[in-house]
Structures are given as C-alpha cells and as structure tokens.
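*Asks:* My structure is below; once you've seen it, I'll send some questions.
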Amino acid sequence: MRRMLQTRDPDMIHSDHVLQAQRRLRGSLLDDRGTLPWRPAREFAAQMLLYVEDPLQCWRVGVECLRELLDADRVDGGFADPGQSLYSPLVESLRADRAVPSVVGAMMDAHDSSLAAVWSSHDVVVFGDVANDARIGPTMRAQLSSIGTRTKLAVALHDGTRPIGLLCADWLEPRSRWHSDACEHLPLLARAVLTPVLTAARSLVEVHDDAPAHAAIAGLTPAELKVARMAATGMSYKEIARELGRSFSTVDHQLRSVRDKLGVNSTARLARVLATHLPH
C-alpha cells in the first residue's frame, strides 16, 4: 500500500517556528549572563520574548519598558529604512502624568539630515537642544517643536548591514542630566535585545503571511495610511476623528477602504500587516 502523506496545519507549523525562535533567543540572551550583564536588560529581554510572534506587540512592550527606564516623556519606534521617503512611528509610550503629544501617524521627512545622522551611527545620537541643533533641518525642527520636543535621543537598529527600524526618546524640557544607567546601556538594549527580537518577530510573520501586502499598502493614500496606523495602535474611531479633526463617518469610510485594499477584516490583522510590511 502507498503511504498517505499527512499535511500539518500551517498554524501548528507557525507555533513550532515561534517556539524555536523563543528557545534560540532565550539561549543567546538569557542563558549566558555575560550577554546582558545589566539586570534590567535581562528583564527587558524576557518581556519581549513573550511576544516574539507579534511584531507590533514587541514594539509596544519595547517602547513602554524603555520609557520607564529612561524616564522619558515619550518613546516611539517603528520599522524603517533609510531609503524610504517618509517615516512614521508605529508605536509610542507617553508619560501618564503630563500632557504629551502623540507622534503616531505623523509623517516625517526620512531624508532629513538629522535622520541621516542617526542612520550613519551605530551608537545613540543625542540632540541636546532641538531648537538649535544644526543637524536638524527646518521642517523637522518645526515638527519637533509642534510636539513639544526639547531634547531627543535616537538610535537606528541594524541587523548586520540590514536596517531594521528607529527608536526615539523625547523630553519636553531641556535635559542636562540623564538617567545614567539606562542611557549608558541603551546601545546594548538596541543592539542585543531589540534588534534580534524584532528581526525574529518580523521574520515569523513574513513566513506565516503569504498575502501580497507590500503592493497593497503602497496603494493606500497618505490619509488612509495615517488613519490605519492610528487604528493599529488601538485608538478608537472617535479618538482618531477627534485627533485629526474629521468626522466619524470619514474615518469609518477610510478604514473600510484600507481593510478592503489590504484584504483584512479586523484591526488586529491590520496591525499585523502594517507592522510587517510598512512601505520602504
């Protein structure tokens, strides 16, 4: 008799890949204490490893932990590439005890000289006085001023030579002193934790997701992409409408159009597609 071949459920195969990735990352990051000698760094890595199957949640956990460690007013981040024309943060964490403007959905000139300085460095770039730093172009300076940023740290994430994303920390007041331990270890956190975990998370979703999302996202209008990003962070339709000064029906119509173009039927699925296939 011919043996019948049994095909495995793709979700089971994906679960195997997730477990393998978690095992590999746990071995490289946590089993050898020499990799992450700073205890908060190990705790940070352990938190992120819980969500390695979800790139968006990895980013959310990452910016939330780093905002607390850095004692920043706002920490934001997202997948990015120096070749893209616009950059928009995917997620953010805002200080709860003061009014801190959101940057999610904001479109920034990815060719600004300040971002060029960040991409060309493998260390944290400090913008101690945003209003007068010559590396910041006038348009970017105006954007940062409009959201209250006075002092900024930024670091580019690279997987070897491959760009992965950007991480930024902002303060709404000038800073002459820093949370020394966290700032000293931020390059380690970016290089040894954020980069490998986000790379693995993105790869897991790319393997599991066969949808031609790159072309579909490229077909979104700038307005659609903006509301899609905001919805992906968990904002309600009413919150998006209020933030953008648009009607509820306009936001509803735009998000219906986004879901139709991307072939998704839920906000969770929308968030996953955006987290994995942002336009470059």
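*Asks:* Evaluate region 106-119: report whether one residue or more is without any contact (Cβ under 8 Å) to a residue 24 or more places away in the chain and of a type outside the set (A, V, I, L, M). Lay out the reasoning, then the answer.
*Replies:* First pass over region 106-119, keeping only residues without any contact (Cβ under 8 Å) to a residue 24 or more places away in the chain: 117.
Of the ones still in play, those that are also of a type outside the set (A, V, I, L, M) are none.
Looking through region 106-119, none of the residues is without any contact (Cβ under 8 Å) to a residue 24 or more places away in the chain and of a type outside the set (A, V, I, L, M).
*Asks:* Name the strands (runs of 3 or more DSSP E) wholly inside region 56-146 in which the number of residues that are surrounded by fewer than 21 Cβ atoms within 10 Å (Cβ to Cβ) and modelled with pLDDT under 95 is 1 or more. Give the steps one after another, and end with the answer.
*Replies:* Details: elements: 74-79, 91-94, 125-127.
Because the criterion is at least 1 residues that are surrounded by fewer than 21 Cβ atoms within 10 Å (Cβ to Cβ) and modelled with pLDDT under 95, the strands (runs of 3 or more DSSP E) in region 56-146 that meet it are 125-127.
*Asks:* Enumerate the pairs (first residue in region 249-272 and assigned by TED's automatic domain parsing to the domain that holds Ile217 and under 14 Å from Glu224 (Cα atoms); second residue anywhere and in a helix (DSSP H, G or I) and among the hydroxyl-bearing types (Ser, Thr, Tyr)) with beta-carbon separation below 7 Å, excluding pairs fewer than 6 apart on the same chain, so at least 6 apart or on different chains.
*Replies:* These pairs meet every condition: Val251/Tyr237; Asp252/Tyr237.
*Asks:* Within region 147-187, take every residue that is surrounded by fewer than 20 Cβ atoms within 10 Å (Cβ to Cβ) and of a type in the set (Ser, Thr, Tyr) and give me the one that is nearest to Gly62 (Cα to Cα).
*Replies:* Ser180
The values are calculated or read from the model by the stated rules, or taken from the named source; none is laboratory data. What you see is a predicted model; the values in this text were computed from it and never measured. We place every Cβ from the backbone using ideal geometry, glycine too, and count neighbours over all the protein chains shown.
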